[in-house]
Every structure is written in C-alpha cells, then in structure tokens.
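Report on the structure given below.
Readers should treat all values here as calculations from the given coordinates under stated rules, not as data from a laboratory. What you are looking at is a predicted structure, and each value in this text was computed from that prediction instead of being measured. Backbone-built Cβ (ideal geometry, glycine too); neighbour counts: all protein chains shown.
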Amino acid sequence: MLIDYRPEPFTDFTDERNRKEFEQALQKVEGELGQHYDLIIGGERIKTETKMTSINPANKSQVIGTASKADRDLAEKAIQTAAHTFESWKAVPPDHRARYLFKAAAIMRRRKHEFSAWLVKEAGKTWPEADGDTAEAIDFMEYYARQMVKLGERHPLTRLPGEDNELYYIPLGVGVVIPPWNFPLAIMVGMTTAAIVAGNTVVLKPASTTPVIAAKFFEILEDAGLPEGVVNYTPGSGAEVGDYLVDHPLTRFISFTGSREVGLRINERAAKFAPGQKWIKRLVAEMGGKDTIVVDRDADLELAAHGITVSAFGFSGQKCSACSRAVIHEEVYDEVLSRVVELTKGLKMGDPAEMHNFMGPVVDEGAYNKILEYIEIGKQEGRLMTGGAKGDETGYFIQPTVFADVDPKARIMQEEIFGPVVAFTKARDFDHALEIANNTEYGLTGSVYSRNRAHLEKARTEFHVGNLYFNRKCTGAIVGVHPFGGFNMSGTDSKAGGPDYLLLFTQAKLTSELL
C-alpha cells in the first residue's frame, strides 16, 4: 500500500553536516567536469561530430561538459525508435510504470546533493535554489507515480441493467519534450516522467545551455531499469532538430516550457497537417509571465518588501514566476520602495558555489546582453534606484536592479525580461492596482499583500492569473500543493504538479458490452 505523497524536505544548510555533504558533492562534480555525453536512442550511444558545449555561467572559462548534437537523420531515428517502443510500453500496466518513477525518485534522493551541485555549476543556481530544484524533481516523480496509479483504477459510471461499461485512460503515443534551462532538472524531469508514466514514449530535446544535467538524469532512468527507447536523449538545435520533431507526422504531442515566441511558433507548426498524420497534435505549453505583486495600503509592509525582493531576485529573476512588477498603493509607495531598495543593496552576489551568496549569474551571453539592453531601456522609462550595471565579468553577473515611477504601459512593465529587474508603479486605490496587474498579455502568477478581506476576495475573482498568492511571495510553487500553470500568453494552463496534469498525456476510452 502506497503512503500518501509528501513534498521532499528542503535541506537545512545551517546544519554543519549538511554543509559538509554539499561541499563534498561540489568537489565530486568538479572532478567530473569536461566529460562528453553521447546521444542515447533506443539504448544506443551515438557520438556525432557536431557538439554543444556547456559552460559555467559564473566562470565563463570553465567547461561543464560537451554533448553530441543530433541532426535530422538522428531525429528521425529517435522518432522511429520511440514509435516502435510505444507498441510495447503502452501495454505495461499503469502501476508497473509507476514503479519506475518510484525507483528513479529513490535513486535521485540518494544522489540529491550531487544533482544540486550540477545545478550550481551548469545553471548557476545558489545552494538553496539548486536544492529546491532537485527536491521538486523528486516530488514530480513521487506525485505523478501516485496519480497514475489512481488514474489506472476503474472509474465509476452510471450503470444500466444488462450492460458492462468501463472508462479508462490510454496513452497518446510519441511525445516531444522540450524543457527549459531555468529549471533544467525539475521541469525536465516533470515533463518527461509525466509523459512516460502515462504510457507514452519520449524524444527528449534538452535545453542547449544545460544538456549535462539532462544526461545525468538519463543515467538515473537507466539505473531504474527503464526499457530502452522509452526515453531518447536527443540534444540538438531548435531550428534543425526542434522544428523537425514538432512537424513529424508520428509526433502525437509536444510538451514545451519556454518563451512566448517559441511557444507560439510551436503551436502554429503543430497545428499544420503533415502527410501521414492521423491525429490532431496536442500541445502542452508553459510560456512565461510578467508577474505582479500588489501591495495594499493596509498591508504588512515589511513582509511585502521581503516578498518583492525575494521574488524578484531569487535565481537572478530567471523564473517565469518572478516578480518583475510591483504595484503599490500611493499612500505606502515610498515606504515600500525605500525598503525594497535597502534590502536589494544588502543582497550578496557572487559565485553560487559559495554558500552565502544569495544571487549568482544569469545563464549565458544571450540572456546577459538582453537583460542589459532592458536595463538601458529602463533608465529611460523610470528612475534607477539601485543596480543597473554589470557585476563581476568573470561570469554573467548583473546587479539586482530596481526602477521606480514607471508607467504601467512602459516596455519594462510589459515585456518579459527574465532577469534581476523589477519596476515599481503607483496605484491610486486597490481597483486601480488590479487594473494595472491585469494589463499585460500574460497571466501566470501574482501576489497581493493586504489585510483587507474584501480586497483579497475581490482579487480572488478579478486578478486573472493561474497562480495567485495572498500575503506571500509569487515564486516557489510546490508539487501537489500549488499546481502550476498560467492563463493568456502564459500558456495552456497545464497545471503541472496537479491532479489533472496526467490527463493531458492520455485519452479517455469507453467500452460497453451488452451482457
């Protein structure tokens, strides 16, 4: 009998033993840097001439590893392998498939600090951010395994005399999984394992900046005994391999997390019929946000200031749920702004391998240049309060940046920056604050700080986001506790880590027999 799901505890780094174990994990990973990782298709390891190189964003001279890049021929091989494997995998009973996830979760739990150390090195995550990413990956496997066991049970229907009717959920087929770089373990694991525990097979195209973490996870799947070809590790460029996989007639669904622009492009391509295609392709997409924290005049202002600061600058603002807009009632605007600036100036930025650093680098040169461009735009659109410049140029460091007095329709209030930048604007009253909060094309997360119950209830119905938080930060969703997904251009509201998520990777079949 399964025990009830409980989220994986976060590591307490005030405990000296935990600190030493994490330092040992970092040393272990340091000794494994620079290795090469082959494609893995149907269990076959394939080395190619073209490679992608992963570097440490905190130290641009340090190579984390290299990975072979697939071309279209290998993408075709991966799709065909996944299609062939699907014929046997779909027949594996749901509770048997779930056991692979339980096993993989147990292995990752034993190697928890090691995976977190890889996240520190390859993704630039600080110790707590890396630990949270790994814990979430474990949670996804534990949660989806239990959800599949439930989904595999007989579902009650209204009975008719003389008939035996049954509704059950069958897998879709071959899925293309395209995860992001910002949660390169948790989201990648969640997307992949949700698909396979539902009975599908997967072609996994990891993010180009974090292919090593995906390769390390593949090692766990192998250790757990997952049959060859159920997941196929296929790094490659989006233009050459990504488009080919999305367009392929054997692709049944695409699971994507990333930018609005790429998500809309995938949606358009997936909607087009390809010769030989037998189905309408399904897209599960999470496409980012422009997230707002609203502070009411009667709020706990200290709590709100801390919530804004942590939500804006945790992992250098590289979360789709990060606070990039602070809408403050005009009566408390100056006080909240002043406190956030003070807290921001106190944040310690540096190599995330050092435990006491709150902020590390942004992920790569492209992100670095884009964020710096937005900061220059912000200097024209608002009043720079702190930050606004590069950090240590050994890596891709950018100072945490606060802009004040920004027009609600300004670019830095409307466009997703995905970096350590937050813009402040005043609201005349609570209704005006909600109007501003809803004025973007996104609808992912939001937060309201208020002691006014009527205002909280108004926000509950009128603040149009998929994940709305009251008197707490707008980041840090936990699997099974805060099902995650947004409205509008934030995606298909897939609610990852929720009870409905596996339905997106299955289709319901009814059988009826006259007795």
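How big is the equivalent ellipsoid of the chain along its three axes, where each semi-axis is √(5λ) from the Cα gyration tensor, reported in whole Å from largest to smallest?
Computed over the chain, the values are 38, 28, 22 Å.
Spelling out what I want: for every residue of the stretch 60-65, take phi, set θ = phi - 60°, compute 6.51 cos²θ - 1.76 cosθ + 1.60 (Karplus), and round to whole Hz; glycine and proline get x.
Using θ = phi - 60°, the values come out as 4, 8, 9, 8, 7, x Hz.
Report the Stokes-Einstein translational diffusion coefficient (µm² s⁻¹, integer) for the stretch 239-370, Rh taken as the Kirkwood radius over Cα pairs, at 37 °C with viscosity 0.692 mPa s.
This corresponds to a translational diffusion coefficient of 182 µm²/s.
What distance in nm lies between label points placed 7 Å from Cα along the C-beta direction at ARG265 and LEU167?
With each label placed 7 Å out from Cα toward Cβ, I get 3.9 nm.
D for the stretch 291-478, whole µm²/s, Stokes-Einstein with Kirkwood Rh over alpha-carbon pairs at 20 °C and 1.002 mPa s: what number?
132 µm²/s
Output ³J(HN,Hα) for the stretch 112-118: one whole-Hz value per residue in order, computed from phi by the Karplus curve 6.51 cos²θ - 1.76 cosθ + 1.60 with θ = phi - 60°, and x for Gly and Pro.
Values, residue by residue: 4, 5, 4, 5, 4, 5, 4 Hz.
List the pair-distance distribution P(r) of the stretch 66-171, using every Cα-Cα distance, as the percent of pairs falling in each 10 Å bin from 0 up to the bin containing the longest distance, rounded to whole percents.
With 10 Å bins starting at 0, P(r) equals 12, 24, 29, 24, 7, 3, 0.
Based on the mean of other Cβ atoms within 10 Å per residue, sort peptides 397-405, 21-29 so the most packed one is first.
397-405, 21-29
Label point 7 Å out from THR511 along Cα-to-Cβ: which residues of the stretch 130-164 have amide N under 17 Å?
152-157, 163-164
Strictly over 23 Å apart at the Cα level, which of LYS319/LYS458; LYS103/LYS319; LYS47/LYS272; LYS20/LYS121 would you flag in this model?
LYS319/LYS458; LYS103/LYS319; LYS47/LYS272
How large is log10 I(q)/I(0) at q = 0.12, 0.22, 0.23, 0.25 Å⁻¹ when the Debye formula is applied to the Cα atoms of the stretch 1-96, each weighted equally and without solvent?
Summing over Cα pairs of the stretch 1-96 leads to -0.77, -1.04, -1.08, -1.19.
Grab the alpha carbons of the stretch 443-515, take their convex hull, and tell me the volume per residue in Å³.
146 Å³
Going from the alpha-carbon gyration tensor of the stretch 122-183, what semi-axes, largest first and in whole Å, does one get by taking the root of 5 times each eigenvalue?
Semi-axes (√(5λ), whole Å): 40, 15, 6.
Go through the stretch 92-104 residue by residue and turn each phi into a ³J(HN,Hα) via Karplus (6.51, -1.76, 1.60, θ = phi - 60°); whole Hz please, and just put x for glycine and proline.
Those phi angles translate into 6, x, x, 5, 5, 4, 4, 5, 4, 5, 4, 5, 4 Hz.
Which distance in Å, rounded to a whole number, links the C-alpha centroids of the stretch 408-480 and the stretch 1-37?
34 Å
Can you list the residues, at least 5 places off or on another chain, whose amide H is less than 5 Å from the amide H of ILE398, using H built in the peptide plane?
Amide H to amide H, under 5 Å and 5 or more residues apart or across chains, ILE398 pairs with VAL362, GLY391.
Roughly speaking, what is the stretch gain from ARG19 to THR48, that is 0.36 nm per residue apart minus the C-alpha to C-alpha distance, in nm to one decimal?
6.5 nm
Taking amide hydrogens as modeled 1.01 Å from N in the peptide plane, which residues meet the under 5 Å criterion relative to VAL448, leaving out close sequence neighbours?
VAL294, TYR469, PHE470, ASN471, ARG472
Only helical DSSP H runs with n ≥ 4 go in: add -39500 (n - 2.57) per run for the chain, normalise by residue count and round the 222 nm mean residue ellipticity to 500 deg cm²/dmol.
-12000 deg cm²/dmol
Mind listing P(r) for the stretch 201-244? All alpha-carbon pairs, 10 Å bins, whole percents.
Cα pair-distance distribution for the stretch 201-244, in percent: 28, 51, 20, 1.
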